[in-house]
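Chemist: Next up is a structure, given as structure tokens.
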Amino acid sequence: MTKVVISGTGVFTPPYSVSNAELVETFNTYVDKYNKTHAAEIERGEVEPLNQSSVEFIVKASGIESRYVMDKSGIVDPEIMAPRLRQRSNDEPSILAEMSVDAAQKALKRANKTAADIDAVLVACSNLERPYPAIAVEVQELLGIEGFGFDMNVACSSATFAIQTAYDMLRSGSVDCVLIVDPEICSGHLNFRDRDSHFIFGDVATAIVVEREETCTAKGAWEILGTRLLTKFSNNIRNNFGFLNRATPEGIGAKDKLFVQEGRKVFKEVVPMVSQLILEHMADEGLDPKDLKRMWLHQANKSMNDFIGRKVLGRDPEPGEQPNILHEYANTSSAGSIIAFSKFNEDLKEGDLGLICSFGAGYSAGNVLVRKRA
């Protein structure tokens, strides 16, 4: 059977960072104004007052301390509280493609590859800025890649689902090398006026080069030992924005046209689902969780990852076994586990075993078992 490796990764980090303190100041200013404007209705019991947020609440709830964004000015403006991105003409690269190209060039360099080596481009992310033409085909054009490209969306699991898609294509022999890109402008679908979620997301783009082992010339590549995907329908994480919105104008501007979730239900249901997926996948591959040197988990909530780590390892993870990038990047949807993998894998040794795992809306979960090559 053809062996497949991850030979390179790249991360594009946006130019602006927003701290918890800045978000809290903006949110609380909005809350004070709202409560003052609706003081009479609140006094009569007709309107519920809004509660303020705090830095301590955010860190305790998520482990997040800051996040990178493509626009900061609109987010921290209490009158706007949303990113403001320039409308680009059809003759300009789209913003998702521009982010993708930056991450892709870094991944190609790390993999010792050029555009001529790539047969397919997959753009896998939670939110695409348009339905067509595909962002992947635009990235392909901008990089000068022959072959084909397509977009795919499995929410926070998009990157791992794309890895399996590339893995299957490579093993079938239809391609020799695939570029996966995960551009995420999560700030665009975040309700910054919702106390329970205004702090969750950040923006980023990651890229991954996946190829047949015999074509790999990069040092420190990772052999993919196996992949496992799982989906179970749930409304507990949802975004109802879509192309039919103009056909149902009564819903325009409603809260459900942005990210909404039932956080406690997600925690209760996803943690055991993901833990079982990992353990069953490893058992089927004849691998012992005790041999795992590192787990690069989806970066949504530190407590969730801590629970999953304990369930998989049978103990508390040691420092460094389960890297956390939430404190700097926040939740970046599909890109989170790839950021962690990209930033925390070079210190491991030949033969070390690791796993990349993502999970989120759907519910969806994807697991990729990898072993370090020389």
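Chemist: Suppose we filter Val18, Val31 for residues that are among the hydrophobic types (A, V, I, L, M, F, W, C), at pLDDT 95 or above, in contact with a strand residue (DSSP E or B) (Cβ under 7 Å, 6 or more places away or on another chain) and surrounded by 13 or more Cβ atoms within 10 Å (Cβ to Cβ); which single one remains?
Modeler: From the options Val18, Val31, the qualifying one is Val18.
Chemist: Within the range 362-371, does at least one residue satisfy the condition of being under 30 Å from Tyr16 (Cβ atoms), modelled with pLDDT of 95 or more and either open to solvent by less than 10 Å² (accessible area, probe 1.4 Å) or in contact with a helix residue (DSSP H, G or I) (Cβ under 6 Å, 6 or more places away or on another chain) (or both)?
Modeler: Yes; the residues of the range 362-371 include at least one that is under 30 Å from Tyr16 (Cβ atoms), modelled with pLDDT of 95 or more and either open to solvent by less than 10 Å² (accessible area, probe 1.4 Å) or in contact with a helix residue (DSSP H, G or I) (Cβ under 6 Å, 6 or more places away or on another chain) (or both).
Chemist: Out of all the residues in the range 317-361, which are among the hydroxyl-bearing types (Ser, Thr, Tyr) and out of contact with any helix residue (DSSP H, G or I) (no Cβ under 8 Å at 6 or more places or on another chain)?
Modeler: If we filter the range 317-361 for residues that are among the hydroxyl-bearing types (Ser, Thr, Tyr), which is where we start, we get 329, 332-334, 337, 342, 358.
Ser342, the sole residue that qualifies.
Chemist: Any residue in the range 145-159 that's within 21 Å of Ala361 (Cα to Cα): show its pairings with residues that are open to solvent by 20 Å² or more (accessible area, probe 1.4 Å) and among the acidic types (Asp, Glu) at Cβ separation under 8 Å, as long as the two are six or more apart or on different chains.
Modeler: none
Chemist: Scan the range 226-243 and report the pairs whose first residue is without any contact (Cβ under 8 Å) to a residue 24 or more places away in the chain and whose second residue is of a type outside the set (Phe, Trp, Tyr) and surrounded by fewer than 18 Cβ atoms within 10 Å (Cβ to Cβ), with Cβ atoms within less than 7 Å and a gap of 6+ or a chain change.
Modeler: Close Cβ pairs (under 7 Å, with a partner that is of a type outside the set (Phe, Trp, Tyr) and surrounded by fewer than 18 Cβ atoms within 10 Å (Cβ to Cβ)) amount to Asn240/Asp256; Asn240/Lys257.
Chemist: Tell me, please, whether a residue that is at pLDDT 95 or above, closer than 22 Å to Glu328 by Cα and either crowded, with 21+ Cβ neighbours inside 10 Å or small (Gly, Ala, Ser) (or both) can be found in the range 217-232.
Modeler: no
Chemist: While we're on this one: Which count do you get for residues in the range 233-268 that are acidic (Asp, Glu), more than 20 Å from the chain's Cα centre (by Cα) and surrounded by 14 or more Cβ atoms within 10 Å (Cβ to Cβ)?
Modeler: 0
Chemist: If you take just the strands (runs of 3 or more DSSP E) that sit entirely in the range 91-203, which of them hold at least 2 residues that are open to solvent by less than 10 Å² (accessible area, probe 1.4 Å)? I'd like the intermediate steps shown before the answer.
Modeler: Values: elements: 120-124, 148-152, 177-185.
Hits in the range 91-203: 120-124, 177-185.
Chemist: I would also like to ask the following. Could you grab me the full set of residues in the range 331-359 that are open to solvent by less than 10 Å² (accessible area, probe 1.4 Å), under 18 Å from Val181 (Cβ atoms) and in contact with a strand residue (DSSP E or B) (Cβ under 6 Å, 6 or more places away or on another chain)?
Modeler: The answer is Thr332, Ser333, Ser334, Ala335, Ser337, Ile338, Ile339, Ala340, Phe341, Ile356, Ser358.
The values are calculated or read from the model by the stated rules, or taken from the named source; none is laboratory data. Quick caveat: nothing in here was measured; it's all calculated off a predicted structure. So basically every Cβ, Gly included, is an ideal-geometry build from the backbone, and we count neighbours across all protein chains shown. Only protein heavy atoms, including side chains, enter the accessible area calculation; ligands, DNA and RNA are left aside. Shrake-Rupley method; radii C 1.70, N 1.55, O 1.52, S 1.80 Å.
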